[in-house]
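Engineer: What follows is a single structure, and I will ask about it in a moment.
The values are calculated or read from the model by the stated rules, or taken from the named source; none is laboratory data. Remember, it's a predicted structure, so these values are computed and weren't measured experimentally. Because the Cβ atoms are built from the backbone with ideal geometry, glycine has one as well, and the counts that use them run over all protein chains shown.
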Amino acid sequence: MFVEVSDKLSNLFDYIRSINLCCLCRVKSTDFTRNRSLNFVNLVLLILSSGGKSNTLELIDFFDKMGEVEVSKEAFSQARLKLKPLVFKKLNEFYLTMVYENKSRIKTINNHILLACDGSKLELPHHKLLIKIFGGTKNKFNEIKSCMGNSSMIYDVLNKFIFDFEVDTYKTSEKVLAYRNLKNLLKFNFLKDYKKIFIFDRGYRSIEFFNHFMQKKGKFIFRLRSTDYKKEKSKLRNIDQHITIYITKNRVQHIKNEKLKSELLKKEKLNLRIIQVKLTTGEYRILNNQFKP
């Protein structure tokens, strides 16, 4: 196992040193062309190895270990501006490709990997530029009191790897970010041979999400609120049965894409499977999905 991990890290370091990654992830073609202490490779390694100390201490520790001439925090700040955030997504994808190519080591449920999608609010540094981009919560005087962003990620529950992470403005909905997560997931060639089950919490249940997965013949589980689809749930006679969810104007009024809204209204209904799971508290957690295990 140690040799396998060591080989993966060695391959990852080779990828960081590759010309292709540098060319893809630098802002300008002239960036990182000179032979300096804070070159592309050192900059990426420095950011990855950061332990939460001040920039000054991080720089001292890093270049002391590297046996190279230390650079100033101003030089570090300038170098970061030349680096695209894309580099960290590419490194994550490269490492995941190595991990998931060995299917015998990947944990599954009924030969499916289990992917959970969830979002969260992020508090960002209170800087005027970040406030202008992301916005945030306001006080009674309509002033931004906290700079905030919204984030979303897709996570392999069993193998504990994050596949995609998105950050956007405070007003960007979790559903919009979740769609981006799913779109980015399609770019991963190493996942194409894996069967998947997607899990979502109550905030994501919606006609458009159900329809999205059903069109792609994807397997999914959504947790429902007790107030969701009351009329349909009142007809339940078993803890596990299929019901018809009717698509009404009220249920799609929040959709901004008029074409999608029109298509859903023409469809009129969706056939979903609803399961009631009894909790240790005696309450029932209601889930809906589109597959038999």
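Engineer: Out of all the residues in the range 56-69, is one or more in contact (Cβ under 8 Å) with a residue 40 or more places away in the chain, aromatic (Phe, Trp, Tyr) and in the same structural domain as TYR15 (by TED's automatic domain parsing)?
Structural biologist: Checking the range 56-69: not a single residue is in contact (Cβ under 8 Å) with a residue 40 or more places away in the chain, aromatic (Phe, Trp, Tyr) and in the same structural domain as TYR15 (by TED's automatic domain parsing).
Engineer: Return the residues of the range 92-129 that are assigned to a helix (DSSP H, G or I) and under 21 Å from the mean Cα position of the chain (by Cα); say none if nothing qualifies.
Structural biologist: Selection gives ASN92, GLU93, PHE94, TYR95, LEU96, THR97, MET98, VAL99, TYR100.
Engineer: Scan the range 1-43 for residues that are within 26 Å of the chain's Cα centre (by Cα) and under 15 Å from LYS73 (Cα atoms) and jot them down.
Structural biologist: LEU43
Engineer: Still on this structure, I have one more. Tell me, yes or no, whether the range 202-217 has at least one residue that is within 25 Å of GLU258 (Cα to Cα), touching a Cys at 6+ places or on another chain (Cβ under 7 Å) and outside any helix (DSSP H, G or I).
Structural biologist: No: zero hits.
Engineer: Restricting to the range 137-160, and then to whatever is of a type outside the set (Ser, Thr, Tyr), at pLDDT 95 or above and touching a Lys or Arg at 6+ places or on another chain (Cβ under 8 Å), can you tell me which residue is farthest from LYS107 (Cα to Cα)?
Structural biologist: MET148
Engineer: Return the pairs, sorted by first residue and then second, in which the second residue is surrounded by 11 or more Cβ atoms within 10 Å (Cβ to Cβ) and β-branched (Val, Ile, Thr), the first residue lies in the range 120-133 and is closer than 16 Å to ASN150 by Cβ, the beta carbons are less than 8 Å apart, and the residues are 6+ apart or on different chains.
Structural biologist: What qualifies is LEU122/VAL167; ILE131/ILE144; ILE133/THR169.
Engineer: Hey, another quick one. Consider the range 64-91. How many of its residues are part of a loop (DSSP other than H, G, I, E, B) and among the polar types (S, T, N, Q)?
Structural biologist: 1
Engineer: List the strands (runs of 3 or more DSSP E) that sit entirely inside the range 130-188 and contain at least 1 residues that are assigned by TED's automatic domain parsing to the domain that holds ILE221 and of a type in the set (A, V, I, L, M, F, W, C).
Structural biologist: Those strands (runs of 3 or more DSSP E) span 144-156, 161-169.
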